[in-house]
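A quick write-up on the structure given underneath.
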Amino acid sequence: MKKKITVILLIAGVLVLAYLYAHIDKNTYLYDRNTDSADLTGTGILEEKEEILQSFTCAEDSIDGINLKATVIGSPENVELQYALTDPESGEAIRQGKIQGLEIKNNKFNKLKFPVLKGTKGKNYILRLTESGTGEEAGVGFFLSPTGEQGQELRVRGNDTQGTLAVRVLTHRFDLETFIVLLGIIAFIAGFMKVLYKLFK
């Protein structure tokens, strides 16, 4: 009886840990995730008062931030990147944040967080990017994919542009796939250890 209780408690503990572990930053791609890196084009540095606007419809129930691919150009000590999620009807910023140029990882995706926004599924938003402290040889550039989801619009420096910003929308939530995969790995390890125990007993 004592052994059964121990096993039940162990299984319950594993399930709780797996559940907690499965809460991850889930990425929703606004661009075609199969796009080769070589096919991405650069935007160059945004000067003062220039902006990039990317519209999208949210597929998740909440938004915690964005995962943006960026490139650092020159010495970005004085550069600051501002990002905001705006309402397409009012133009008002619903969520916003900023990051210093020195904190941006070059030619990689950067997680840019802001306070969680809930009740977002099916709603339209515009991601707005601006910079300050830039110069001809210092700033942050971004990447564009030639394709994206239908209905999305991209404006770069006030011009309608074909393609989609290389960005993913972040949602921190429970992911069933991660939960199942982790349980499968744990079950495999437990079974393997049990076989070894019987072989060397």
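Here are a few things to note about the model shown:
- Those residues of segment 126-161 which are within 22 Å of the chain's Cα centre (by Cα), of a type outside the set (Gly, Ala, Ser) and not in a strand (DSSP E or B), in sequence order: PRO146, THR147, GLU149, GLN150, GLN152, GLU153
- Flag if LYS108 is surrounded by fewer than 15 Cβ atoms within 10 Å (Cβ to Cβ), basic (Lys, Arg) and over 23 Å from GLU60 (Cα atoms): yes
- Whichever residue in segment 124-139 is farther than 23 Å from ASN78 by Cα and either in contact with a Ser or Thr (Cβ under 6 Å, 6 or more places away or on another chain) or at pLDDT below 95 (or both) and, among such residues, is most open to solvent (accessible area, probe 1.4 Å): ASN124
- Scanning segment 71-97 for residues that are exposed (fewer than 14 other Cβ atoms within 10 Å of the Cβ) and either part of a strand (DSSP E or B) or under 16 Å from the mean Cα position of the chain (by Cα) (or both) turns up just one, GLN96.
- Any hit, segment 48-70, residues being in contact with a strand residue (DSSP E or B) (Cβ under 9 Å, 6 or more places away or on another chain), more than 18 Å from VAL169 (Cα to Cα) and part of a strand (DSSP E or B): no
- Which numbered condition LEU102 misses (of (1) part of a strand (DSSP E or B); (2) at pLDDT below 95; (3) farther than 15 Å from ASN27 by Cα): (1)
- Hey, GLU60 without any contact (Cβ under 8 Å) to a residue 12 or more places away in the chain and of a type in the set (Asp, Glu) or not: no
- Any hit, segment 19-38, residues being at pLDDT 90 or above and among the polar types (S, T, N, Q): yes
- Residues that are open to solvent by less than 40 Å² (accessible area, probe 1.4 Å) and part of a helix (DSSP H, G or I) within segment 1-44 comprise GLY13, ALA18, listed in sequence order.
- For segment 177-201, filtered to residues that are open to solvent by less than 100 Å² (accessible area, probe 1.4 Å) and either outside any helix (DSSP H, G or I) or touching a residue at least 40 places away in the same chain (Cβ under 8 Å) (or both), the residue that is farthest from GLY119 (Cα to Cα) is ILE186.
The values are calculated or read from the model by the stated rules, or taken from the named source; none is laboratory data. Note that the coordinates shown come from a computational prediction; the quantities given were computed from them, not determined experimentally. Quick reminder, even Gly has a Cβ in these numbers, built from the backbone with ideal geometry, and neighbours come from all protein chains shown. Surface accessibility is based on the protein's heavy atoms, side chains included, excluding ligands, DNA and RNA. Shrake-Rupley method; radii C 1.70, N 1.55, O 1.52, S 1.80 Å.
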